[in-house]
Amino acid sequence: MFLTNVWPLVLANRPDAQLKVVGRNPRRALSDLVAQHADSVTLEGFLPDLNEIFDRAAAMVNPLRFGSGIKLKIIEALSAGLPVISTSVGADGVATGADRGVLVADDDDELAELLLQATDQARNVQLSLAATEHFVSLYSKEAVFARYDAAFGLG
């Protein structure tokens, strides 16, 4: 689990790191884990507008271990120019790589390393620019409409 296996590795290198956990109706087990890391982890709960938290973040973490399909939270992060650090399951269906602003690892040590890289200011600027370009080229209104036009022979 991310908070027990990855987060301590991040804190060992960046004791000032802060993690905001966002989501509706967190399970009791998650609330208990957050309480164990109260000095560095905050449970935000549901946020109707993610822009404020995205504006203050170095990256969005998507440490899913199961699930399927494209995770809209990744698209939302990319639209804000926010790099994404994810497991391969969490990034399923999304183009990945540093040139896309979506970094993927399934190993705890590698996830921690990617998070630490995202906190480096110069590296974060590169990843943020790549995330923005990724969104604009594939998921923006203009890109989606162009694909529809091409599919229906309107372009």
Can you confirm whether region 75-85 contains a residue that is surrounded by 17 or more Cβ atoms within 10 Å (Cβ to Cβ), under 13 Å from Phe2 (Cα atoms) and in contact (Cβ under 8 Å) with a residue 12 or more places away in the chain?
-> yes
Helices (runs of 4 or more DSSP H) contained in region 1-93 and holding at least 1 residues closer than 26 Å to Glu142 by Cα = 51-55, 72-79
Selection from region 105-139 of residues among the aliphatic types (A, V, I, L, M) and either closer than 23 Å to Asn5 by Cα or touching a residue at least 24 places away in the same chain (Cβ under 8 Å) (or both) yields Ala105, Leu111, Ala112, Leu114, Leu115, Leu116, Ala118, Leu127, Leu129, Ala130, Ala131, Leu138
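Considering only residues that are within 20 Å of Leu116 (Cβ to Cβ) and surrounded by 17 or more Cβ atoms within 10 Å (Cβ to Cβ), which ones fall in region 10-36?
Residues of region 10-36 within 20 Å of Leu116 (Cβ to Cβ): 10-21.
Val10, Leu11, Leu19, Val21, listed by residue number.
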Lone qualifier among Val102, Val89 - being in contact (Cβ under 8 Å) with a residue 12 or more places away in the chain, over 10 Å from Pro63 (Cα atoms) and aliphatic (A, V, I, L, M) | Val102
Which numbered condition Leu111 fails, given (1) assigned to a loop (DSSP other than H, G, I, E, B); (2) at pLDDT 95 or above = (1)
Only one of Asp99, Asp107 is surrounded by fewer than 17 Cβ atoms within 10 Å (Cβ to Cβ), under 26 Å from Leu11 (Cβ atoms) and not small (Gly, Ala, Ser), namely Asp107
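Please tell me if Ala118 is buried (at least 16 other Cβ atoms within 10 Å of the Cβ), within 14 Å of the chain's Cα centre (by Cα), of a type in the set (A, V, I, L, M, F, W, C) and farther than 20 Å from Ile53 by Cα.
On the way: buried (at least 16 other Cβ atoms within 10 Å of the Cβ): yes; within 14 Å of the chain's Cα centre (by Cα): yes; of a type in the set (A, V, I, L, M, F, W, C): yes; farther than 20 Å from Ile53 by Cα: no.
Spelling it out, it is not the case that Ala118 is buried (at least 16 other Cβ atoms within 10 Å of the Cβ), within 14 Å of the chain's Cα centre (by Cα), of a type in the set (A, V, I, L, M, F, W, C) and farther than 20 Å from Ile53 by Cα.
The values are calculated or read from the model by the stated rules, or taken from the named source; none is laboratory data. Remember, it's a predicted structure, so these values are computed and weren't measured experimentally. Neighbour counts are summed over all protein chains in view; Cβ atoms, including those assigned to glycine, are modelled from backbone coordinates with ideal geometry.
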